[in-house]
Amino acid sequence: MANSKRRKKIKLNARGKLFLFGFCASIIIIALLIINLARRGNNDNVKTPVQTMETVETEPFFTPTPTPTPYPQMDLLNNIYSNEAILIDAETGAVIAEKNADTQAFPASVTKMMTLLIACENLTDYDEVTPLPREIYDALYYADLSTAGFECNEPITVNDLLYGLQLRSGAECCLGLANMVAGSEQAFVELMNQRAQELGMTGTNFTNCTGLHDVNHYSTVRDMATLLRAGLQNDKFREVFSTPMYTTTPTTYHPGGLVIYSTFYQTLSSMDFEGGTFIGGKTGFTTEAGQCLATAATINGHEFIFVTFGAYDNDTNSSSHLHSNDAINTYQALAAALNSAS
């Protein structure tokens with residue numbers, strides 16, 4: 001009986017030792033895990049600042065704004081025919097010269113620059129074909145608006161409409177694009193005024209997409225310069241705006257395509273002027289608005305924008321292109337002033 005009790009006591013002691021050994025081993029393992037995690041944490045803390053610095057160096061937070069070019073005092077607009085005019089640096093927006101720049105006046109077909117911009121921003125399939133319905137041509141007939149030469153129900157691509165709008169100032173192209181983008185001219189005009197607000201064109205109100213005369217349809221040369229500057233930053237707008245001649249897609253109405261020339265380039269003897277080159281231009285005219293023009297040009301590799309409203313024929317000038325004369329003379333005077341100052 002005594003031996004039995006002794007063996008039982010010895011068995012209990014062995015279990016105790018086993019438990020103690022397991023407990024100690026667990027403590028050691030946990031301690032090692034904690035030490036290992038601590039080391040990893042320290043390594044991460046060392047690496048983090050290096051990664052952050054690399055990110056800052058390779059990925060700048062913003063694109064620096066171009067420093068405006070300091071322009072000398074220049075008397076550029078005293079002898080122009082236009083009642084309103086503004087000349088700006090297209091790259092920085094800096095105003096170089098202005099004349100009645102905030103006077104609200106009729107923009108005539110210079111309006112179509114906004115129609116072009118909205119179409120370029122909303123339509124991406126330039127090969128999409130659409131026929132122009134009879135309703136569009138009825139409206140053109142009664143309003144006596146200019147056309148690019150497309151026929152009623154002729155299947156025309158979006159690309160053809162864009163070029164027809166810009167180069168020939170085709171009102172049928174404006175209305176066709178308005179229908180494609182917004183479903184109607186009225187809905188499209190709402191987009192035009194909304195975009196004008198987004199661009200900060202505070203002196204502008206549109207009532208149509210063609211430039212048809214309306215006492216409530218007006219703008220300023222400052223606003224139109226802002227519009228053209230925004231347009232030139234759109235690749236498709238710039239492409240269309242700067243094209244002097246274009247041949248449309250062949251159709252049964254025009255098997256060889258319709259060749260259309262820029263109304264602006266037709267007022268020039270050359271795209272080059274003394275000291276620079278024209279990028280493109282949009283003309284406009286109504287009896288109430290006079291001759292209007294929005295142009296862009298390069299001088300010494302730098303881009304400028306010149307917008308004019310309200311040039312009228314007079315007996316002392318035999319030229320019928322007063323707006324183009326104003327643009328050529330002003331750009332040439334600017335080029336001469338910049339070259340003499342450099």
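Every number here is computed from the coordinates shown, using simple stated rules; none is lab data. As the structure is a computational prediction, the values presented were derived from the model and not from experiment. No Cβ is skipped: glycine too gets one built from the backbone with ideal geometry, and neighbour counts run over all protein chains shown.
Going by average Cβ density within 10 Å per residue, which order do the peptides 209-220, 109-120 take, highest to lowest? The partial results should precede the final answer.
On the way: 209-220: 19.8, 109-120: 26.3.
Put in order of decreasing packing, that is 109-120, 209-220.
Starting with the highest mean, order 83-95, 236-248 by the number of other Cβ atoms within 10 Å, averaged over the residues of each peptide.
Highest-to-lowest ranking by the protection proxy: 83-95, 236-248.
Quick check: net charge around Met224, other residues with Cβ under 10 Å of its Cβ, Lys/Arg +1 and Asp/Glu -1?
For residues surrounding Met224, the net value is +1.
Relative contact order of the range 98-198, please, whole-number percent, based on alpha carbon pairs below 8 angstrom and at least 6 residues apart.
Relative contact order for the range 98-198 comes out at 29 percent.
Compute, for the range 84-341, the length of the dipole vector about the Cα centre, with Cβ point charges of +1 (Lys, Arg) and -1 (Asp, Glu) only. Units Debye, rounded to 20. Working shown, then result.
Working: 10 positive and 30 negative charges, 55 e Å.
Around 260 debye, computed over the range 84-341.
Obtain the nm distance between the two label points defined at Gln197 and Asn79 by a simple spin-label model: each point lies 7 Å from its Cα along the Cα-to-C-beta direction.
Between Gln197 and Asn79, the simple spin-label model gives 4.5 nm.
Determine which aspartates and glutamates satisfy two conditions relative to Lys99: a Cα distance under 15 Å, and not lying fewer than 8 residues away in the same chain.
Here the aspartates and glutamates satisfying the reach criterion relative to Lys99 are Asp75, Glu84, Asp223, Asp326.
Ordered by residue, what ³J(HN,Hα) values in Hz, to whole numbers, does the range 323-335 give under the Karplus form 6.51 cos²θ - 1.76 cosθ + 1.60, where θ = phi - 60° and Gly and Pro are x?
Each residue's phi maps through the Karplus curve to give 5, 5, 4, 4, 5, 4, 5, 5, 5, 5, 5, 5, 4 Hz.
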